[in-house]
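Enquirer: Structure incoming, see below.
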């Protein structure tokens, strides 16, 4: 029975759908998280009677053939890059990106990774680092005697030093953009690396040439929408049940066949 | 005598294929822009082998074709700017390695060169017959109702939306693609929705009831075969026993 394996592909697809949804729901409060969506496509078709072939010598053709599909497959699990809400944290070193772009951070291995989660801290030697201690690139050094840090919309970092009235520029935040954001490879810990699919990063100044602007004192929340996730979960669960029902029915048909004497 | 067995068998073979079609519909209940299919049967008339009884005709079951339901699936908003749903008639033109194919699945992406592609990486064609590419610094990509693509740097082209004389005469090649030798006609009333995808048009209630029906008819055909077998066994027993 073909229908057994067809229904099995359906159950596997819906299982993956539920996995993607549960990961989205689990990351509802992860800053900078982008929700994912499983995209399905039909599998190959078997032509039992090919459409458009001649059905007689007079040249009449078959108007509608018999094609039996072989089930469903997962085409992609794509990341939906819409902007998350901006959450006011009032922390001077929380930076949200409004629009396109990623912060570039240097991994301990020396490679570059990219993130939109902008909750930065100051390391022991005054460098701006992520929550995992990876340095923001290009490095920004906040002097220990600084009493205030201001980050402008276009990424300029200024500090006010103890006993001074004029603030001074200590660095410039740069953002990387990619032709295809969905092609980035997620490393976990809110980090991504470039791939052939994403294309090479273009480094730009915030609020310039289509690059997003940065906002000090805010964090970008996850763009997961609880209502839409739950409704997708319901459809996925019901679709799973229906496929299981097809397996039961096919099994029943097969048991009928086995009972021939 | 064997006819009863063979007719029952022809019914069961057709039913097994019908079940495969239903299973495929149900497996694709969450597939973007999937169009459900229904198997069509006809009788295959054959005069009885015996010329002496011309009025006794037997008919076998044959699956002649499939009817594809081209009704629109429900719109699902995804919020992804490169997701485009077609409401009403029409197909997108896709350039694949095997030639131009057609699809209603508008789940598009930008590739590493900024070109608009399908999830398999095949190019989405504009009405100029070429792929469309966006520059790195272009933002605010909008796809209008009639397929016109514009960004903050102005109009960039228009998605090709085509229709065909007979959508039934299109072959599914998997991956949500259709293939046909028919002449394509530019669609007239294009209604695209950006940020949404067309869902599958499989009606789960209909498919489940069809499935029950198929399972039951399969069993009843089995009953027919069983009884024909019993008749033959009895005939052999009775006729084969020598008269005392």
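Enquirer: In the stretch A:89-110, how many residues are buried (at least 17 other Cβ atoms within 10 Å of the Cβ) and without any contact (Cβ under 8 Å) to a residue 40 or more places away in the chain?
Expert: Of the residues in the stretch A:89-110, 1 are buried (at least 17 other Cβ atoms within 10 Å of the Cβ) and without any contact (Cβ under 8 Å) to a residue 40 or more places away in the chain.
Enquirer: Can you confirm whether residue A:138 is surrounded by fewer than 16 Cβ atoms within 10 Å (Cβ to Cβ), in contact with a strand residue (DSSP E or B) (Cβ under 9 Å, 6 or more places away or on another chain) and closer than 29 Å to residue B:111 by Cβ?
Expert: For residue A:138, the condition - surrounded by fewer than 16 Cβ atoms within 10 Å (Cβ to Cβ), in contact with a strand residue (DSSP E or B) (Cβ under 9 Å, 6 or more places away or on another chain) and closer than 29 Å to residue B:111 by Cβ - is met.
Enquirer: Between B:145, B:216, B:155, which is within 30 Å of residue A:252 (Cα to Cα), without any contact (Cβ under 8 Å) to a residue 60 or more places away in the chain and either over 23 Å from the mean Cα position of the chain (by Cα) or surrounded by 15 or more Cβ atoms within 10 Å (Cβ to Cβ) (or both)?
Expert: B:216
Enquirer: What single numbered condition from (1) under 30 Å from residue B:227 (Cβ atoms); (2) exposed (fewer than 15 other Cβ atoms within 10 Å of the Cβ); (3) modelled with pLDDT under 90 fails to hold for residue A:165?
Expert: (1)
Enquirer: Can you confirm whether residue A:215 is surrounded by fewer than 18 Cβ atoms within 10 Å (Cβ to Cβ), within 24 Å of the chain's Cα centre (by Cα) and more than 30 Å from residue A:8 (Cβ to Cβ)? Can you show your working first?
Expert: On the way: surrounded by fewer than 18 Cβ atoms within 10 Å (Cβ to Cβ): no; within 24 Å of the chain's Cα centre (by Cα): yes; more than 30 Å from residue A:8 (Cβ to Cβ): yes.
Here the answer is no, as residue A:215 does not meet what is asked.
Enquirer: Restricting attention to the stretch A:82-94, does a residue exist that is out of contact with any strand residue (DSSP E or B) (no Cβ under 8 Å at 6 or more places or on another chain), over 16 Å from residue A:217 (Cα atoms), modelled with pLDDT under 90 and within 14 Å of another protein chain (Cβ to nearest Cβ)?
Expert: Within the stretch A:82-94, one or more residues are out of contact with any strand residue (DSSP E or B) (no Cβ under 8 Å at 6 or more places or on another chain), over 16 Å from residue A:217 (Cα atoms), modelled with pLDDT under 90 and within 14 Å of another protein chain (Cβ to nearest Cβ).
Enquirer: Residue under question is residue A:207, and the condition is that it be within 14 Å of chain B (Cβ to nearest Cβ), surrounded by 15 or more Cβ atoms within 10 Å (Cβ to Cβ), within 25 Å of residue A:35 (Cα to Cα) and over 21 Å from the mean Cα position of the chain (by Cα); does it hold? Reasoning before the result, please.
Expert: Working: within 14 Å of chain B (Cβ to nearest Cβ): yes; surrounded by 15 or more Cβ atoms within 10 Å (Cβ to Cβ): yes; within 25 Å of residue A:35 (Cα to Cα): yes; over 21 Å from the mean Cα position of the chain (by Cα): yes.
In short, yes.
One line per residue, one yes/no per condition, for (1) closer than 18 Å to residue A:184 by Cα; (2) over 20 Å from the mean Cα position of the chain (by Cα); (3) assigned by TED's automatic domain parsing to the domain that holds residue B:150:
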| residue | (1), (2), (3) |
| --- | --- |
| B:79 | no, yes, yes |
| B:91 | no, no, yes |
| B:95 | no, yes, yes |
| B:111 | yes, yes, yes |
| B:127 | no, yes, yes |
| B:137 | no, yes, yes |
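Enquirer: For the stretch B:138-155, what are the residues that are touching a strand residue (DSSP E or B) at 6+ places or on another chain (Cβ under 8 Å) and within 14 Å of chain A (Cβ to nearest Cβ)?
Expert: B:138, B:139, B:140, B:141, B:151
Enquirer: Next up: From the list B:69, B:3, exactly one residue is at pLDDT 85 or above, more than 8 Å from chain A (Cβ to nearest Cβ) and surrounded by fewer than 19 Cβ atoms within 10 Å (Cβ to Cβ). Which is it?
Expert: Residue meeting the stated conditions: B:69.
Enquirer: Across the stretch A:77-86, what is the total count of residues that are surrounded by 15 or more Cβ atoms within 10 Å (Cβ to Cβ) and farther than 19 Å from residue A:180 by Cα?
Expert: Summing the residues that are surrounded by 15 or more Cβ atoms within 10 Å (Cβ to Cβ) and farther than 19 Å from residue A:180 by Cα in the stretch A:77-86 gives 1.
Enquirer: Residues that are over 30 Å from residue B:140 (Cβ atoms), at pLDDT 90 or above and assigned by TED's automatic domain parsing to the domain that holds residue B:79: which strands (runs of 3 or more DSSP E) entirely in the stretch B:168-244 hold 1 or more of them?
Expert: Numbers: elements: B:171-174, B:177-179, B:191-194, B:196-198.
Once the strands (runs of 3 or more DSSP E) in the stretch B:168-244 are filtered for at least 1 residues that are over 30 Å from residue B:140 (Cβ atoms), at pLDDT 90 or above and assigned by TED's automatic domain parsing to the domain that holds residue B:79, what remains is B:177-179.
Enquirer: Next question, about the same structure. Out of the stretch B:143-167, which residues are under 30 Å from residue A:208 (Cα atoms) and not in a loop (DSSP other than H, G, I, E, B)?
Expert: B:143, B:148, B:149, B:150, B:151, B:154, B:155, B:156, B:157, B:158, B:159
Enquirer: For the list (1) modelled with pLDDT of 90 or more; (2) closer than 28 Å to residue B:81 by Cα; (3) crowded, with 18+ Cβ neighbours inside 10 Å, I need the number of the one condition that residue A:231 fails.
Expert: (3)
Enquirer: In the stretch A:150-162, how many are crowded, with 19+ Cβ neighbours inside 10 Å and either over 28 Å from the mean Cα position of the chain (by Cα) or without any contact (Cβ under 8 Å) to a residue 12 or more places away in the chain (or both)?
Expert: Qualifying residue count for the region: 2.
Enquirer: Shifting gears a bit: Of the residues in the stretch A:1-29, how many are at the interface with chain B (Cβ under 7 Å from one of its Cβ atoms) and either in a loop (DSSP other than H, G, I, E, B) or surrounded by fewer than 24 Cβ atoms within 10 Å (Cβ to Cβ) (or both)?
Expert: 3
Enquirer: Restricting to the stretch A:32-76, and then to whatever is crowded, with 22+ Cβ neighbours inside 10 Å and more than 7 Å from every other protein chain (Cβ to nearest Cβ), can you tell me which residue is farthest from residue B:18 (Cα to Cα)?
Expert: A:32
Enquirer: Among the residues of the stretch A:175-200, what is the count of those that are facing chain B (nearest Cβ under 7 Å) and either closer than 20 Å to residue A:136 by Cβ or touching a helix residue (DSSP H, G or I) at 6+ places or on another chain (Cβ under 6 Å) (or both)?
Expert: 3
The values are calculated or read from the model by the stated rules, or taken from the named source; none is laboratory data. As the structure is a prediction and not an experimental result, all values here were calculated from the model. Virtual Cβ from ideal backbone geometry, glycine too; neighbours counted across all protein chains shown.
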